[in-house]
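Coordinate-derived values only; no laboratory data. Note that the coordinates shown come from a computational prediction; the quantities given were computed from them, not determined experimentally. Cβ atoms come from the backbone with ideal geometry, glycine included; neighbour counts cover every protein chain shown.
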Amino acid sequence: MTQQLKKLEEKLANLEKGNAEKARKIKEQIKKIKEYNKEYNKKYYREKRKAQIQAKAKAKKESKQATAACVVCGKSFIPHNSLSKCCSDECREIYKRKYQKEYAKTEAGKAYRKRYRQTETYKEVRKRYAQSEKGKLSLKKYAQSEKGKAALKRYFEKRKENGYKSLKETEREQLPETN
Ligand SMILES: [Zn+2]
């Protein structure tokens, strides 16, 4: 547009005197272009200003938002809600695992495990695991370990306390009586 304006102004300056009609037309065109430019600039600056204001407001809002330190890596982050403790999915995964371990150590965690071990679901899972190749290997390893040996010892001591009942006897006791 600016180039067009320049050309028109040059044309106007080079016009011979007396060519009034042509000069008027050129002046009209110049006026239109100048008005267009003015409007364009106004709009351009309005939009630019609007974007600046928006950017400033956004920065202010973000700086106002309370940041929290990630409980896993310590990096500060903007929490999604009051329960957010971690900055990322990776940290959340680590935290979850750590929390589960710590929960398992508490009385509530122990009670939960005890209840779970009495469920049919758990018995079924154990049974299936004991029958699997992985389970068999693991049980064999456990029986040979110090921990496993100690558990076996405790088991036999308990049987001794119960008066050396054979396993079959114990099982028979648990069966309902039949005539
Ligand atoms: Zn983190």
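Here are the numbers for this structure:
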| read-out | value |
| --- | --- |
| Helix axis angle, 2-14 relative to the chain longest principal axis, alpha carbon, degrees | 0 |
| MRE, 222 nm, helices only [DSSP H, n ≥ 4, -39500 (n - 2.57), over the chain, to nearest 500] | -25000 deg cm²/dmol |
| Phi-based couplings in Hz for the range 120-133 (Karplus 6.51, -1.76, 1.60; Gly and Pro marked x) | 5, 4, 5, 4, 5, 4, 4, 4, 5, 5, 5, 8, 7, 4 |
| Exposed-loop-free span, longest in the chain, where trypsin sites (Lys or Arg not before Pro) count as exposed if DSSP calls them loop and at most 13 other C-beta atoms lie within 10 Å | 76-164 |
| Label-point separation, Arg92 to Tyr116 (7 Å along Cα→Cβ), nm | 2.1 |
| Gain upon complete extension [Lys153, Lys85; 0.36 nm per residue less C-alpha separation] | 20.0 nm |
| Length released on extending from Lys123 to Gln3, taking residue separation times 0.36 nm less the Cα-Cα span | 34.5 nm |
| Segment Lys42-Asn14, extension gain: residue separation times 0.36 nm, minus the distance between their alpha carbons | 6.9 nm |
| Point-to-point label distance, Ala108-Lys134, nm (Cα→Cβ direction, 7 Å offset) | 3.0 |
